[in-house]
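What follows is a single structure, written as structure tokens, with notes after it.
The values are calculated or read from the model by the stated rules, or taken from the named source; none is laboratory data. As the structure is a prediction and not an experimental result, all values here were calculated from the model. Because the Cβ atoms are built from the backbone with ideal geometry, glycine has one as well, and the counts that use them run over all protein chains shown.
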Amino acid sequence: MPIAITFSEYGAPEVLRPAELPLPEPGPGQVRIKVRAASVNPFDLKLRSGLMAQAVPVRFPAVLGLDAAGVVDAVGAGADAAVGDEVLGTTNGGGGYAQYALLGDLTAKPAELSWEHAASLVTVGRTAFRVLAQLGVERGRTLLVHGAAGAVGSIAVQLAAARGVTVVGTAAERDLEQVTALGATAVRYGDGWAERVRAAAPQGVDFVLDAAGAGVLAESVALTGDPARVITIADGAAREHGVRFSDGSGDRDYKPLPELARLAAAGRLALPEWRGYPLAEAAQAHADLEARRNRGKAVLLP
């Protein structure tokens, strides 16, 4: 039987263990893929640790993994793919940490796109696409992105810049050069960041995307003058400031994967990739991310 990484209790990364599981069968609209790469997302760490137990209870034993890329080897009724197709997409709530997984929302993987990049792109790309749409960012306006060197932030910077938006991005000192290369005016994190943003954008800031969750909402609202122009994907204190928290519940309203895949394949959408781990080292990947040793996306390679 194929191998998957399962966990049967909440806890530290060590609860993740390889196990043999029956081959999953695709339902209507689904395909089964032989996984070539699966992305490790912060959401996975929260599920494994139990931080999301009340909001998203897990049925044990469970397999993590929202994003995967691979080769189709079985097709459910009505699925828009054929056996042998190379695809990337989202699992139905989990299952990517495995040799075989089921995908629902999927798109073709361009030949120019690596497996690692394809798997890494899915959730973070969808998130960046969604929050820019929710903010209503338009050409000629100015957008501030907190966490501009991170996975979601870096994609948001590139998408916005490509649409004619002036982008300012906050980041750690070590990442300022990277943020500049993405198309933003880079501003250093830390005390005094708001003053540095005002100096970098004397025309003012129209919108703010907080992808960092570093306690920046109050000053972000002050910069825009309107909490409706600020959105966060990372700060649980959003409601205290009248700011929207975008949690992915509206993802089905947006279908960005084909566009994201095309842009990435054409070299117009860079994504910070850090390291590929053998599937059996999923626990180490989680431990490294929790210790913040990474500088980009981690992927599992079955």
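Laid out as a table, the results:
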read-out	value
Selection count, segment 170-181, where residues are surrounded by fewer than 24 Cβ atoms within 10 Å (Cβ to Cβ) and either of a type in the set (A, V, I, L, M) or assigned to a loop (DSSP other than H, G, I, E, B) (or both)	3
Set Arg17, Arg48: member being closer than 14 Å to His286 by Cβ and buried (at least 23 other Cβ atoms within 10 Å of the Cβ)	Arg48
Residues that are at pLDDT below 95 and within 15 Å of Lys109 (Cα to Cα), drawn from segment 32-66	none
Residue match in segment 125-133 (condition: more than 16 Å from the chain's Cα centre (by Cα) and of a type in the set (Phe, Trp, Tyr))	no
Scope segment 161-184; condition hydrophobic (A, V, I, L, M, F, W, C) and more than 14 Å from Gly147 (Cβ to Cβ); matching residues	Ala161, Ala162, Val165, Ala181
Options Arg268, Arg262: the member that is closer than 17 Å to Ala128 by Cβ, in a helix (DSSP H, G or I) and among the basic types (Lys, Arg)	Arg262
Residue within segment 159-168 that is in contact (Cβ under 8 Å) with a residue 12 or more places away in the chain, among the charged types (D, E, K, R), part of a strand (DSSP E or B) and more than 24 Å from Tyr189 (Cβ to Cβ) present	no
Residue within segment 139-151 that is within 24 Å of Val221 (Cβ to Cβ), in the same structural domain as Val205 (by TED's automatic domain parsing) and basic (Lys, Arg) present	yes
Verdict on Ala37 being within 23 Å of Pro256 (Cα to Cα), surrounded by fewer than 20 Cβ atoms within 10 Å (Cβ to Cβ) and touching an Asp or Glu at 6+ places or on another chain (Cβ under 7 Å)	no
Phe43 being assigned by TED's automatic domain parsing to the domain that holds Phe7 and either within 21 Å of Lys297 (Cβ to Cβ) or of a type outside the set (Gly, Ala, Ser) (or both)	yes
3 or more residues touching a residue at least 40 places away in the same chain (Cβ under 8 Å) and under 20 Å from the mean Cα position of the chain (by Cα): qualifying strands (runs of 3 or more DSSP E) within segment 1-64	31-40
